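Inspection log for the structure reproduced underneath, given as C-alpha cells.
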Amino acid sequence: MVAQKIVVQKESHRGVHFRRAGPREKVYFTSEEVRACIVTCGGLCPGINTVLREIVCGLNYMYGVDDILGIQGGYRGFYSKNTIKLTPKVVNDIHKRGGTFLQTSRGGHDTNKIVDNIQDRGINQVYIIGGDGTQKGAAAIYKEVEKRGLRVAVAGIPKTIDNDIAVIDKSFGFDTAVEEAQRAINAAHVEVESVENGVGIVKLMGRYSGFIAMHATLASRDVDCCLIPESPFYLEGQGGLFEFVEQRLKENGHIVIVLAEGAGQDYVAQSMHAVDEKDASGNRLLLDSGLWLTQKIKDHFTNVQKMAINMKYIDPTYMIRAIPSNASDNIYCTLLAQSAVHGAMAGYTGFTVGPVNSRHAYIPISCVTETQNTVKLTDRMWARLLASTNQPSFVQKCELVQERVNKQTIDEINNMRITSI
C-alpha cells in the first residue's frame with residue numbers, strides 16, 4: 001500500500017492509501033483473449049509516444065499479447081473507426097519523435113458511442129492517455145462499462161505539461177518542458193544584456209498553475225521576476241510591477257520576466273473587455289497575457305516615465321511541448337506504461353497510475369479529477385523562488401493595499417456616523 005500523505009496529525013484518521021503498482025502473482029486475462037486499445041487525447045506533451053510504445057511492448061513482451069489497436073484522433077476515433085494495428089515493430093522508433101503517433105483532438109467524447117464501439121469490437125482493455133478532461137472522460141467510460149456489466153479494464157495514464165494533476169508527484173513531460181524553457185529564458189537574457197534598458201518577457205505554459213514558470217525560473221538563475229496564476233500582482237503604484245521593473249533597470253540595466261500564460265488574466269480581460277470563451281475540452285480560452293504585459297510596460301515607460309526601453313518578447317509556448325522527452329522523462333514514461341499494463345492484466349479497472357510520495361500506485365480515476373494541483377504560495381519551493389529572484393511578494397502588497405482601502409472605508413463610515421450624531 002502507498003500512503004497519500006506520509007505526515008499526519010496524531011489525532012487525525014488513518015488517511016488515504018493506494019495499492020502499490022507492479023506485477024501481480026495472478027493475472028485476470030490470458031494473453032490469447034486480450035484485445036487492447038490505446039488512445040491519446042487533449043494537448044501535446046513530451047513523452048506521449050514513449051508511453052504509447054511501452055504499453056505496446058509491455059503487453060507483447062511481458063504478457064504475449066498480440067492484438068493491440070491504436071485509436072486515432074482522440075475520443076472521436078472510437079466511433080469514426082480510425083484505428084491502426086500496433087506491434088512492437090510499428091512503434092519501435094516513435095519515442096524519438098515529439099507529438100503523438102496516434103494523433104489527438106479535444107472534445108468529441110460521447111460515452112455511449114465510445115462504449116458501444118468498445119463492445120462491438122470485443123475490446124477488453126482500454127488505455128487512455130490524457131489530462132484532467134480526458135481522465136474525466138475515462139471515468140465516464142469506466143462507469144458505463146460497469147453499468148453494462150462488461151468485462152473491460154479501463155486504465156488511465158495522466159498527461160499534462162502543466163503538472164496540475166492532483167495526487168501524483170508530477171506528470172510526465174514536465175521535466176522536458178522545463179529543460180526546453182531554459183533555451184527561451186537564456187535567449188531573452190542574452191538579448192536584454194546586449195542593449196540599454198533591456199526588458200525581456202518570456203511567456204510559458206500554465207493555465208491555472210505556474211509550475212513550469214516556477215521551476216524554469218529556479219533552474220535558470222537569470223530571471224528577475226516570475227508571475228504565475230496563483231500569485232496576484234498589480235502594475236501601478238507603490239510596490240507594483242512597474243516600480244520593480246524601474247528599480248531593476250536602474251540597478252542592472254536589464255530585466256527578465258517569466259510569465260505563466262494564466263497569470264493576470266483578469267487584468268487582460270478587463271482592459272480588452274473580453275467575453276469568456278471555451279475550447280472543445282471545456283477549458284477557458286486564455287487571452288495573450290504576454291503581449292498585453294509587453295504593451296503595458298512599453299506604454300508606461302514611454303508615456304509616464306519618459307524612459308526609452310528595449311522590449312524583447314519571446315513566446316515558446318508550443319515549442320516546449322512539441323519535442324521528444326528527455327532521458328529522465330523517458331524512464332518515467334516507461335514506469336507509468338508498465339504499471340498500467342500490470343494493473344489491467346491483473347483485472348484492475350477504473351484506475352490511473354502515477355507516483356505518490358515516490359512510489360508508483362494505482363489510483364481511482366475519480367481521485368485525480370476532483371481537484372487540480374496548484375503552486376502553494378506557503379510552500380518552500382515558492383519561498384526558494386522569491387529568494388532566488390529577490391522579487392517582492394506581490395500577494396502581501398496586494399493584501400496591504402486592500403487592507404488600507406478597507407481601513408479607509410471603515411474610517412469614512414465612522415466619520416459619517418460621528419457627523420450624523
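The values are calculated or read from the model by the stated rules, or taken from the named source; none is laboratory data. Nothing here was measured: the structure is a model prediction, and the numbers come from that model. Neighbour counts run over all protein chains shown; Cβ positions are idealised from the backbone, glycine included.
Odds and ends about this structure:
- Only one entry in 322, 344 is in contact (Cβ under 8 Å) with a residue 12 or more places away in the chain, in a loop (DSSP other than H, G, I, E, B) and either of a type in the set (Gly, Ala, Ser) or farther than 23 Å from residue 205 by Cβ (or both), namely 322.
- Members of region 39-77 that are closer than 25 Å to residue 162 by Cα and either part of a loop (DSSP other than H, G, I, E, B) or free of Cβ contacts under 8 Å to residues at least 12 places away in the same chain (or both): 41, 42, 43, 44, 45, 46, 47, 72, 73, 74, 75
- For region 13-35, the count of residues that are out of contact with any strand residue (DSSP E or B) (no Cβ under 9 Å at 6 or more places or on another chain), crowded, with 19+ Cβ neighbours inside 10 Å and within 24 Å of residue 325 (Cα to Cα) is zero.
- Within region 219-247, the set of residues being touching a residue at least 60 places away in the same chain (Cβ under 8 Å), under 18 Å from residue 388 (Cβ atoms) and among the small types (Gly, Ala, Ser) comprises 231 only.
- Qualifying residues in region 237-273 (those that are among the small types (Gly, Ala, Ser) and in a helix (DSSP H, G or I)) - the one surrounded by the fewest Cβ atoms within 10 Å (Cβ to Cβ): 271
- If only residues of region 145-158 that are of a type outside the set (Gly, Ala, Ser) and surrounded by 19 or more Cβ atoms within 10 Å (Cβ to Cβ) are counted, the one that is farthest from residue 372 (Cα to Cα) is 152.
- Enumeration of residues in region 307-323 that are among the polar types (S, T, N, Q), more than 15 Å from the chain's Cα centre (by Cα) and closer than 30 Å to residue 175 by Cβ: none
- Number of residues in region 109-132 that are touching a residue at least 24 places away in the same chain (Cβ under 8 Å), among the acidic types (Asp, Glu) and more than 19 Å from residue 40 (Cβ to Cβ): the value is 1.
- Among the residues of region 126-171, those that are part of a loop (DSSP other than H, G, I, E, B), modelled with pLDDT under 95 and more than 24 Å from residue 20 (Cβ to Cβ) comprise 131, 161, 162, 164.
- Taken over region 353-375, the criterion of being within 13 Å of the chain's Cα centre (by Cα) and part of a loop (DSSP other than H, G, I, E, B) is satisfied by 371, 373, 374, 375.
- Only residues that are acidic (Asp, Glu) and either modelled with pLDDT under 95 or over 13 Å from residue 254 (Cα atoms) (or both) were counted across region 177-195, and they come to 2.
- Test: residue 87 is in a loop (DSSP other than H, G, I, E, B) and either buried (at least 16 other Cβ atoms within 10 Å of the Cβ) or among the β-branched types (Val, Ile, Thr) (or both): yes
- Residue 190 closer than 30 Å to residue 242 by Cα and buried (at least 24 other Cβ atoms within 10 Å of the Cβ): no
- Leading residue by the ranking (surrounded by the most Cβ atoms within 10 Å (Cβ to Cβ)) among those in region 363-392 that are of a type outside the set (Val, Ile, Thr) and under 13 Å from residue 169 (Cα atoms): 373
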